[in-house]
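What follows is a set of notes on a single structure, which appears directly below.
Bear in mind these aren't lab numbers, they're just calculated from the coordinates by the rules spelled out. Quick caveat: nothing in here was measured; it's all calculated off a predicted structure.
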Amino acid sequence: MHIDPLERTWVVVVGLLTAMMLGTIFYTAWSGDIHPPSNVEVIDSTRLHLTEEFAEDNLGAKTQPDGSVRVTMVATRYGFYPQHIEVPVDTPITFRFATPDVLHGLHIPGTNVDTMVIPGFVSEVNTVLQNTGTFPMYCNEYCGLGHHDMWSRVTITSKQG
Ligand code: CUA
């Protein structure tokens, strides 16, 4: 079979580019500890405020008996509640999010916390945060006219003791 040398060159170039792009994706995913959320847990979004976990008084960060921290938050048009949470650095943290209205996204820049919050499901993210400081937590899925204003803050504190 005859293949034109120019065509052969371009097949190689395209092959290399594809390998480079896939390599970049896999390397970034591996080095940043990025992976698809694996938690599938359903919840009745219309009754969120009546559940024990997502009732207003039970939201926020709570230290568990084993020293890990569990953060429960509600993402709703247009904010994450509570609007400011404090969590310790270098500690296993389980974030749990639910929404009573529409699809939201949730991202904390500089960390691997990035998930969609889908009506009818609980989004769970397990992580260990590495840097202290105050970071924004913002919505990265268009959810309505106030989308650009939907954010809250996470303060990562150094460990006590
Ligand atoms: Cu919530 Cu965009």
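For the chain, the longest principal axis of the Cα atoms and the long axis of helix 5-31 meet at an angle of about 20 degrees. Shape verdict for the stretch 111-161, please, from the Cα gyration tensor: rounded (a/c under 1.5), prolate (a/b greater than b/c) or oblate. Oblate. Listed values for the stretch 101-113 are Karplus-derived 3J(HN,Hα) couplings in whole Hz (6.51 cos²θ - 1.76 cosθ + 1.60, θ = phi - 60°), namely 10, 10, 5, 10, x, 9, 9, 10, x, x, 10, 9, 8, and x replaces Gly and Pro. Taking every alpha-carbon pair under 8 Å whose residues sit at least 6 apart, the stretch 10-161 reaches a relative contact order of 23 percent.
For the chain, DSSP calls about 70 percent of its internal beta bridges antiparallel.
Give me the base-10 log of I(q)/I(0) for the chain at each q in 0.11, 0.16, 0.20 Å⁻¹, Debye formula, one uniform scatterer per Cα, rounded to two decimals. The computed values of log10 I(q)/I(0) come out as -0.52, -0.91, -1.32.
With contacts taken as Cα pairs under 8 Å and at least 6 residues apart, the stretch 1-92 reaches a relative contact order of 15 percent. Using the Cα gyration tensor of the stretch 1-86, with a ≥ b ≥ c the square roots of its eigenvalues, what is the shape: rounded (a/c below 1.5), prolate (a/b larger than b/c) or oblate (neither)? Since a/c reaches 1.5 and a/b is larger than b/c, the shape of the stretch 1-86 is classed as prolate. Is the shape of the stretch 47-117 rounded, prolate or oblate, going by the alpha carbon gyration tensor and its root eigenvalues a ≥ b ≥ c, with a/c under 1.5 for rounded and a/b larger than b/c for prolate? Taking the square roots of the gyration eigenvalues as a ≥ b ≥ c, the stretch 47-117 is oblate.
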